[in-house]
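Presented below is the structure to which this report refers.
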Amino acid sequence: MKEEKSFIIVLSYMVLIISIMLIIGLSISLTDNFTLIKDIVLIFSFIFSLVLISIFLIIIFTLKLFKEKKLNKIESKILYYSVSLYYPILVALARITRIDKDKIRLIYTKINNLLIKSKNIKIKPQDLLILLPHCIQYSECKYKITNDINNCVKCGKCDIDKIIKLKEEYGFNVVVATGGTLARKWIMSLRPKAIVAVACERDLSSGINDVKRLPVIGVINERPNGPCINTKVSIDSLEEAIKFFIKDI
């Protein structure tokens with residue numbers, strides 16, 4: 001709920017700023033002088049009006065999605081494209097208003113997940129790719145798993161052994177990526193039809209933006225030792241996302 005409030009606060013700032021600009025623009029357009037300026041202001045006022053309407057729709061559809069977890073196709077498309085368009089602006093406004101940017105990124109990921117889960121997507125296990133961050137591996141482990149996760153010796157010091165057990169049970173593909181470049185390389189190589197990605201808020205929101213042609217469910221990692229070292233993941237949340245995509249489970 002805190003993240004949802006932060007999202008609405010930043011959107012409200014956008015509405016306030018655009019409303020002020022709209023009022024100023026309309027007041028200028030009502031003057032008798034500067035015909036060219038009036039025409040330009042009227043055009044921008046029309047654009048600002050459309051932006052205001054779209055922001056109000058984002059707020060309405062977002063609240064509906066969080067409460068009912070379902071939108072019709074038109075509402076889903078409006079929300080998806082609108083949030084994708086305004087997301088960079090929201091992050092910038094969060095910086096200005098001193099709201100934690102990760103809260104906006106988390107809300108973006110949650111909206112994406114809910115939109116994906118509102119669809120009926122069922123694929124074969126071999127068409128599903130699980131993307132893991134390298135920081136989920138025990139930092140002092142001697143066995144490199146970025147090239148092959150099966151190099152794990154299952155010592156139990158990190159969550160990799162539990163994820164391998166899920167892999168053996170369901171039959172999906174799972175890889176460990178050290179960054180966005182390697183993640184994209186794995187996606188190009190394996191050509192999955194859907195992805196479950198585990199990462200921090202920043203990397204997840206960035207990855208979801210990069211891979212718009214594929215349905216992606218993001219699972220936020222846990223950072224008991226701080227960011228980028230010995231991170232963990234909720235196995236239950238991961239398995240829930242896997243079950244959503246894989247048919248006949």
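The values are calculated or read from the model by the stated rules, or taken from the named source; none is laboratory data. For clarity, every value in this text was computed on a predicted model and none was experimentally measured. FYI the Cβ positions are ideal-geometry reconstructions off the backbone, even for glycines, and counts take in every protein chain you see. Heads up: the accessible areas ignore ligands, DNA and RNA and are worked out on the full protein's heavy atoms, side chains in. Shrake-Rupley method; radii C 1.70, N 1.55, O 1.52, S 1.80 Å.
One residue stands out in segment 95-120 among those that are in a loop (DSSP other than H, G, I, E, B) and either in contact (Cβ under 8 Å) with a residue 40 or more places away in the chain or farther than 16 Å from GLU240 by Cα (or both): the one that is most open to solvent (accessible area, probe 1.4 Å), namely ARG98. For segment 151-171, residues that are open to solvent by less than 60 Å² (accessible area, probe 1.4 Å) and in contact with an Asp or Glu (Cβ under 8 Å, 6 or more places away or on another chain) total 2. Taken together, the residues in segment 234-249 that are of a type outside the set (S, T, N, Q), open to solvent by 10 Å² or more (accessible area, probe 1.4 Å) and either closer than 16 Å to LEU129 by Cβ or assigned to a loop (DSSP other than H, G, I, E, B) (or both) amount to 6.
For segment 61-80, filtered to residues that are open to solvent by 50 Å² or more (accessible area, probe 1.4 Å), more than 13 Å from the chain's Cα centre (by Cα) and modelled with pLDDT of 80 or more, the residue that is farthest from SER118 (Cα to Cα) is ILE78. Please tell me if GLY226 is touching a strand residue (DSSP E or B) at 6+ places or on another chain (Cβ under 9 Å), open to solvent by less than 80 Å² (accessible area, probe 1.4 Å), of a type in the set (Gly, Ala, Ser) and not in a helix (DSSP H, G or I). When the stated conditions are applied, GLY226 does not pass them.
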